Amino acid sequence: MEALDGNAIAGQLMEVFGGEMTTVTGRCAGCRRTWQMAELEVHTHAPGTVGRCRDCGVVLMVLVTARGVTCVHLPGLVDLGMPTAP
Ligand SMILES: [Zn+2]
């Protein structure tokens with residue numbers, strides 16, 4: 001299945017972070033490149049939703065929703081900016 005970009009999960013990111021996240025930047029812990037969340041390589045058919053670095057493939061973000069609660073894991077994302085008001 002072809003990867004999507006971060007725009008595909010804009011609504012989910014807004015729900016979790018409380019504001020617009022697609023233009024927020026974060027840096028990859030693997031290659032140190034800075035990305036906007038809209039630029040991430042997103043896979044929605046993994047267990048949960050996975051956002052990877054387009055350069056080095058490091059998993060930057062995992063979102064898993066169970067029983068109405070979304071858990072966020074940011075294993076490879078550093079210097080994540082703040083969302084803008086909705
Ligand atoms: Zn990277």
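Of the strands (runs of 3 or more DSSP E) lying entirely inside region 17-86, those containing at least 1 residues that are basic (Lys, Arg) and within 12 Å of the ligand (Cβ to nearest atom) are 25-28, 48-52.
Of the residues examined, residue 18 is one that is out of contact with any Lys or Arg (no Cβ under 6 Å at 6 or more places or on another chain) and surrounded by fewer than 18 Cβ atoms within 10 Å (Cβ to Cβ).
Quick note: the coordinates plus some simple rules give every number you see, no bench work behind them. Because the structure is predicted, anything quoted here is derived from the model rather than measured. Cβ sites come from the backbone with ideal geometry, for glycine too, and all protein chains shown count toward neighbours.
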